[in-house]
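Please treat every number below as a calculation from the coordinates, not as lab data. Keep in mind the model is a prediction, meaning the values are calculated, not measured. All Cβ positions, glycine included, derive from the backbone under ideal geometry; neighbour counts span all protein chains shown.
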Amino acid sequence: MNENNITPQNDKEIYQSIRETVVDAKQRIYTVVNSAMVEAYWEIGRQIHEAQGGAERAEYGKRLIEYLSVQLTEEFGKGFTVSNLKYMRQFYLTFPIRHALRDQLSWTHYRSLIRVENEAARNYYLQECIEGNWSTRQLDRQINTHTYERLLSSREDKVSEAGDSAIEITANSPSPKNILKDPYILEFLNIKEPSTYQESEIEQILIDKLKDFMLELGKGFSFVARQMRITSRNKHYYIDLVLYNYILNCFVLIGLKAGELTAADVGQMDFYVRLFEDKVKKEVTIQQ
């Protein structure tokens, strides 16, 4: 190769190619190490459970965990506290099928899932965590704000058995009742007293926290506009937030109210929806 043909652009392309190789290798290493650690903790949990036996050996089981904690910490360092060993035991009891463990989830993910007692809810969070590539912090927030329960309560057709409900919720069917929550929990805004804020201030805070806001809304949402102006009969109207859900294939209009919701507010929002259908959605349909 002629050295004169080597340009800064060639350098950048070579660097980018090598960088992608390194990133890919690091990711594969992380996946292998993470999977090995999760399986090791599962196996430790299994051995502890079988060694402890039933309730008649409870006192022995307690002494065993304390003994193991001291010995393992001395030889391998941190990570083998009494509480962690108890988590490993519970991990095995909660997920007894080894080959069903998911490579995409870390030990910290599983520790969060263990504390969800409802099996249907736990399966929901597990699947959503994988599909949404949630961090541990995001998973904890979804659990702490009872996302699963809110999805159940927002459905129009209540189902008495949680298991049957969970099947419909976790299905990939593009149905609003499987996606939209009620109510939404916006504690991440750090608003102490909502009534002291103007709607415009809440709107700005939501925009500043857009990532958290979109996560709370659920799957498939994308931001379209804020304060979208729609003109009808020479009069301007403004919709606070407009989103689009590509799973439901529909627009979502949000009107922000700092105070108590009134019948007039509901009527205004209904007017905005009809206006949007007529002035905006119709134009989008025609263009397509």
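Results, tabulated for the structure shown:
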{"item": "Gain in span if fully extended, ILE247 to SER17, counting 0.36 nm per residue against the direct Cα distance", "result": "79.4 nm"}
{"item": "Computed FRET value (nearest 0.05) for LEU93 with PHE271, which takes r as the C-beta separation and R₀ as 45 Å", "result": "0.25"}
{"item": "Region 215-278: C-alpha gyration tensor shape, a/c 1.5 cut-off, then a/b vs b/c", "result": "oblate"}
{"item": "Dipole magnitude (debye, nearest 20) for region 1-101, charges at Cβ of Lys, Arg, Asp, Glu", "result": "400"}
{"item": "Between region 104-120 and region 237-263, the Cα center-to-center distance that results, in Å", "result": "33"}
{"item": "Gyration tensor verdict on region 1-101 (Cα atoms; rounded if a/c is under 1.5, prolate if a/b is larger than b/c, oblate otherwise)", "result": "prolate"}
